[in-house]
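Scroll down for the structure; my scribbles are underneath it.
Computed from the coordinates by the stated procedures, all read-outs in this text should not be read as laboratory data. Predicted model only: the values in this text are computed from it and were never measured. Virtual Cβ from ideal backbone geometry, glycine too; neighbours counted across all protein chains shown.
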Amino acid sequence: MTAIDANSNPPSDSPDHDHGHGGHESENPFQAHHFDTPDQQFESAKLGMWLFLGTEILFFGALFALYTILRANDPEVFSYASQYLDTILGGVNTAVLILSSLTMAMAVHFAQRSKKTLMLICLWLTLLGAIGFLVIKYFEYEHKFHVNLKWGPGFYMPVDEQEATVVGDDGTVLSVVQEDELAVAKETAKLAAEAEESLPAFVDPLIGAVPPVDATTVAPAAIGPGGISAVKPVEKIAADRAAEGHVEHSDKPHLEDQDLPVNTHRFFAIYYAMTGLHGIHVVVGIVMILWLIVKGMKGHFDRRHYAPVDLGGLYWHIVDLVWIFLFPLFYLIH
Amino acid sequence: MSAHAKNDHDHGGLEQPLVGHLVPISVLVWTALALLFLTAATVAVRYVDAGQFNMVIALGIAVIKATLVALFFMHLRWDKPFNQLVFFGCIAFVVLLIALTVLDTGQYAPTVFDGNPDDVQAALDANAPEAPITLKTGVSSPD
Amino acid sequence: MTTIDTANKSDIADMPAAGAQGPVDNYLTWTKGAISWIFTLDHKRIGVMYLAGVLISFLIGGLFALIVRTELIAPGATIIEPSTYNLFFTLHGAVMVFLVIIPSIPASLGNFVLPIMLGAKDVAFPRLNLFSFHLWIIGAIFVVLSLLLGGFDTGWTFYTPYSTTTETGGVVPVLFGVFILGFSSIFTGLNFVVTVHKMRPPGMTWFRMPLFLWAIYSTALIQILATPVLAITLMLVGIERAFQIGIFDPAMGGDPVLFQHFFWFYSHPAVYIMILPAMGIISDLIAVHSHRHIFGYRFIAYSSVAIAIFSFLVWGHHMFTSGQSALLNTIFSAITFSVAVPSAIKIFNWLATLYKGSIALNTPMLYALGFIFLFTIGGLTGLYLGTLNTDVHLHDTYFVVAHFHYVMMGSALIGFIGGLHHWWPKMFGRMYNEKLGIIAFTLVFIGFNVTFFTQFMLGSKGMPRRYYDYQPEFEIYHFISTIGSYVMAAGFFLTAYYLLASLFSGKKAPANPWGGRSLEWQCTSPPPHDNFKTTPTVGDCYDFSVVRWSDEEDGYVIDRSKDPEIAPSSAHSGH
């Protein structure tokens, strides 16, 4: 900075000339210089947060629009692919988020009453819920990656995880054991592919043994000539191009599943896009809750100044709110 | 838990009025219980075949749950009208986006056929028999 | 007010170093050093930094335009390769839209003027304001980065599937850059909405706000509602490109028309993000420089909000020939015409304000009148494009190019430059050379019309836009158009010259050089650090009967004896 000349500070007679250079966000007093009253500051902050939440709603809203269009155009894709999602894990995650939303709301309540310890307990519980959500989500993702339930071309890649059919939902535990088997299966697949150029011959050794069992069992993603030709008459150019896409992919081995609709990979594209974006918001929420805990432990929040807890709570609830819609839209398709 | 049954601004006898609104713990807990119950209900409904109504029920329950979260957890019930307007207004704009795009993609006409329509093909045969215009696709024409 | 801060350590460090400014301090010299600017929370400094960034981007985007125009001066290769040409027109569009026009008025002039007009000390969230400026810088860096990585030739609209398949290497960085710029824009808008809602001083009801604030407010609503959709859409395009998720790419079963829906759901309202603030500026310019109460205040105010809302209902008119369904084409075409109504309301009210006014034909006023002229042409030609059957003929021709340049440049940018001249003395405390200003305006105005009116003719004769080469019969039009662009460029360089020169040798500006009545003319030029020592109360900001010329001040003063509504407390800062 430059030389300090206190005499030349014209507004020094004015008590509120701090132009925010000080850390008014965290230090006493809590009121920034440019607000006249604490009420004004609180309401401004709250309105700002609501507007931000509005942008979040529109941010996710575009994805919801995308979802609606994909599902309206290809309902069979959604009812088919939804069986690969684990309703129980999804339901548990919903409950976890609801409970962490409850503890967050309680944290705001206790902050409003200057109950520091109770507020901190609630924040810790919220943090626990947030992390728990991500851990469960991680297991879900991890399992899906394992059985090539991916977006785009990855979905049609050689499925070397036939074991998934056997192990079903708890594949995460068994998958470790299967790594070696998978390597062998992969190798077999490669050899088979080299030996036989034609698609059905390749499919044989892998899929013949274990067909998909029922809707609740995780079955491998699969596509085959039968699947493609059995597709409903397609009404738009996109689907036609997808049929070309099938030709593109035909040099890759596919599993045979008579029921697999065309473009099933798009379900997983939108699934990963929406849950992934939601997951990023959870991560941001975790950082935010940690920040609140740190500030709370320093005793920065009380009944006069609890706006950060309140606003953090609003953010956390909107994360919950988005999930409340994601859950039925992906996991609960009959 | 619910020492604060008073519904309005609870000053709790402390020195300064509280900015904002205090929601009693009991209300929060009841809200959470309702949310959990609805979650269980919506999972249960998934295993019942109600045809088209499956989705309607699932989304209806989701809307109720979201409303509960917004009204009670997010204090929207007691918030400023403009904040309520912001929330519901943004949802309205999402609905606008969804409605118009779905309306459009639902209207897409088939643009790829097996061959030309009869009259076009007849005209082509008559006027330009050599023209390689016939479209070939693997997709059969609808209807 | 027991909680008010007294100076803590960091405040002392920030105390003004220069005491030579007389009795009233000055935000420009309040603290010194680059750091005190880069991390300032002062809305005025943030506005000035935005202004610098926007003007530099304008220079760069303008140079790209000159390259494109020079290439087109004659058929065939002139100065650059076809692929380079694709890069340049894309860059011109992207820089001008995302780095120049969208932030130009709200983020630079708006940031500077809005809190002062409200009589507030700052915007509601100064840190957020600074953050959005830093986001703007980061976004701009990504745009530059994409240049270094090979640029992008998708057009500024990033239409799929070309944008997901093109070989140019800069697509993903620029998508990310625009994503970030979008958030910069969102946070600015959010800040302004809260500021307008919560920071208005006693006495300033909604219908006493200057119309510029109504326009900025409506713009901010669009920024908040529309920009997130653009952000997520561009993110999806980036992901599509990187991971082939099959959302927009038809080869994977995706729907490219869906991209256009999402893109225009933002980008049509974005057109109004660009034009509405300019309309707000014109409302104030017309009233101040004709020294007459604005005609139809409420109509203009409501029409701003109406335009903001209508803007969300017409996005499909960009997609008439894109495979959009006939039903939606009809709906969007019909609603598009309705936008003409609030636009026309503004035009007629401005004209009615001018009627019998005491018009001062100085530079800002010339720009305001130029705006009315150019916007009328730009707006009316929009109706041709909103009509389904004529659009089929005119779509993707130079007619479209001419139309949106009349609106985006001839209106939005002309409004911005008019506003810049209007508030320049306030921002920097110096008067520019009025004669050069008038000459420069004349060059810009003539150059603009020569450049773009010719393009209406080109387009209606069938010249497609974005083409590198063309038939010989178009040559004369292209030649005239290019010459016009040189004239316009000369005007802008002249403007840059006299504005910069005024910083060093300009006459010291009075507090109120134009006879404005809104609050920003009641503090010194340049304004003090805190804008107002005490929150001022306000009267009718379009009542010019109390404004009179003072030789002593070499500017206008407000005759307080005539207006009992003004509290004496605000008199200090305005002499």
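Taking the 0 to 90 degree range and rounding to the nearest ten, how far is the long axis of helix C:434-460 tilted relative to the main principal axis of chain C, both from C-alpha atoms?
That works out to roughly 20 degrees.
Can you give me the C-alpha center-to-center distance between the range C:339-391 and the range C:479-550, rounded to a whole angstrom?
22
How would C:Thr166, C:Thr363 line up from fewest to most surrounding beta-carbon atoms within 10 angstrom? The partial results should precede the final answer.
On the way: C:Thr166 16, C:Thr363 26.
Sorted ascending by nearby Cβ count, the order is C:Thr166, C:Thr363.
Determine the sum of side-chain charges near C:Lys508: Lys and Arg each +1, Asp and Glu each -1, restricted to other residues whose C-beta is under 9 angstrom from that of C:Lys508.
Details: positive: C:Arg430, C:Lys507; negative: C:Asp554.
It works out to a net charge of +1.
What is the sum of charges around C:Ser550, taking Lys and Arg as +1, Asp and Glu as -1, for the other residues whose C-beta is under 13 Å from the C-beta of C:Ser550? Write out the running numbers ahead of the final one.
On the way: positive: C:Arg548, C:Arg560; negative: C:Asp551, C:Glu552, C:Glu553, C:Asp554, C:Asp559.
Counting the neighbours of C:Ser550, the net charge comes to -3.
For the range A:42-82 and the range A:111-154, what is the centre-to-centre distance using only Cα atoms, to the nearest Å?
20
Can you tell me the FRET efficiency between C:Leu500 and C:Leu361 if r is taken as the Cβ-Cβ distance and R0 is 41 Å, rounded to the nearest 0.05?
On the way: r = 24 Å, r/R0 = 0.58.
The calculated FRET efficiency here is 0.95.
With a cap of 11 neighbouring Cβ atoms within 10 Å, and only residues DSSP puts in a loop, list the trypsin sites (Lys or Arg not before Pro) found in the range C:336-435.
Numbers: sites: C:Lys346, C:Lys356, C:Lys426, C:Arg430, C:Lys435; in loops: C:Lys356.
The qualifying sites are C:Lys356.
Where does each of B:His21, C:His291, C:His405 land when they are ranked from fewest to most other beta-carbon atoms within 10 angstrom? Spell out each step's value before the answer.
Details: B:His21 15, C:His291 18, C:His405 21.
Listed from fewest to most nearby Cβ atoms, that is B:His21, C:His291, C:His405.
Taking only DSSP H segments of four or more residues, each worth -39500 (n - 2.57), what value at 222 nm results for chain C once the sum is divided by all its residues, to the nearest 500 deg cm²/dmol?
On the way: 18 runs with 338 residues, N = 575.
Roughly -20000 deg cm²/dmol at 222 nm, from the helical runs in chain C.
Arranged by the count of other C-beta atoms within 10 angstrom, fewest first, what order do C:Glu553, A:Glu43 take? Write down the numbers at each step before the final one.
Working: C:Glu553 14, A:Glu43 23.
Going from least to most buried by this count: C:Glu553, A:Glu43.
Let's see if you can work this out: charge +1 on each Lys and Arg Cβ, -1 on each Asp and Glu Cβ, no other charges. What is the dipole magnitude of chain C about its Cα centre, in debye to the nearest 20?
Details: 28 positive and 31 negative charges, 197 e Å.
Roughly 940 debye, rounded to the nearest 20.
With labels modelled as points extended 7 Å from the Cα through the Cβ direction, what inter-label distance (nm, one decimal) is found for B:Asp125 paired with C:Thr84?
Label-label distance for B:Asp125 and C:Thr84, simple model: 5.5 nm.
Quick check: the distance between the Cα centres of the range C:82-142 and the range C:425-469, to the nearest angstrom?
22
Can you list residues whose amide H is under 5 Å from C:Tyr556's amide H, if they're 5+ apart or on another chain and H is modeled 1.01 Å from N?
When sequence neighbours closer than 5 places are left aside, the close amide H contacts are C:Asn512, C:Trp514, C:Gly515, C:Ser550.
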